[in-house]
Every structure is written in C-alpha cells, then in structure tokens.
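Structure first, commentary second.
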Amino acid sequence: MKKVMKINFTLEDIRDFCGDTFYERGQSYYNSGRVSELIFDAEINRYRAWVKGSKAYHVEIFNINFTGNDTEAYCTCPAYESYGCCKHVAATLIAIFKQKRSKSVSKNRRTTNTNITRWII
C-alpha cells in the first residue's frame, strides 16, 4: 500500500523550521522560479527538487510533520552542512506548500463549477 503525505502546514511552520534568514532567502528563491523538478515519492514519503543557487543543489524533504520532530531535510549545499538548514530547503518547502494549496484551490473550483453546470442543466 502506498503512503500518502498529508500536507497540513503553514508558511509560519516553514519559517520556524528554517529560521527567519533562510526563510526570507528561500522565499526570494521560490519567487524567482529557482525550484525545479519537484517530485513526490509516495513509497518513502519524500519530496525532492533541484534549486538553482550559485550551483544547482539537490534537496530532499522527508516526512513533513511540523507538529512533531519527524520532518527531515537534506541539501547538497555548503550552508546545509554548517547550519542544518538552508535557503534551498526553505524554497523547496515553500514550493510544496504552494503546490498543495494550488491543487486544493483548483479541486474546490472544479467541484463548484461542476455543481453550477448541474444546476444549469
């Protein structure tokens, strides 16, 4: 059976996880479109992405659950090695948040449009 990662976190949770500086820089990276190839692997509850900085860095996020200590992140950049988090991790988490929120909104709109169509017919 495949595991499904439920995304139920806020941007403030990401800020708390990454810290203010990494969050702000990650937000800038996300807004600049530097996160690419965001992929979710349901078998192991892992997101992975590439984030373009001075180089392209590989980011992995496991078990997103900010209510406990289950969330794990990894990045190939030097800052991650020094600080245990970085702007690339923050940018990836923001991309996940925005992607899930967008899908939720689209799903709700689709349902609403279907209901309207049924009323018209």
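The values are calculated or read from the model by the stated rules, or taken from the named source; none is laboratory data. Quantities reported herein were computed from a predicted structural model and do not represent experimental measurements. The accessibility values were calculated without ligands, DNA or RNA, using every heavy atom of the protein model including side chains. Shrake-Rupley method; radii C 1.70, N 1.55, O 1.52, S 1.80 Å.
Under 5 Å between amide H atoms, partner at least 5 residues away or on a different chain: which partners does T71 have, H built in plane at 1.01 Å?
Here N65 satisfy the definition.
K100: which aspartates and glutamates have alpha carbons under 19 Å from its alpha carbon, excluding same-chain residues fewer than 8 sequence positions away?
List returned: E12, D13, E37, D41, E43, E60, E72.
At 1.4 Å probe size, what's the solvent-accessible area of T71? Round to the nearest 10 Å².
Surface open to solvent at T71 totals about 20 Å².
With a 1.4 Å probe and every protein chain left in place, tell me how much accessible area L38 has, in Å² to the nearest 10.
Rounded to the nearest 10, the figure is 40 Å².
Along the range 39-44, what does the Karplus equation 6.51 cos²θ - 1.76 cosθ + 1.60 (θ = phi - 60°) give for ³J(HN,Hα), rounded to whole Hz, x for Gly and Pro?
Taking θ as phi minus 60°, the curve returns 10, 9, 10, 5, 4, 10 Hz for the range 39-44.
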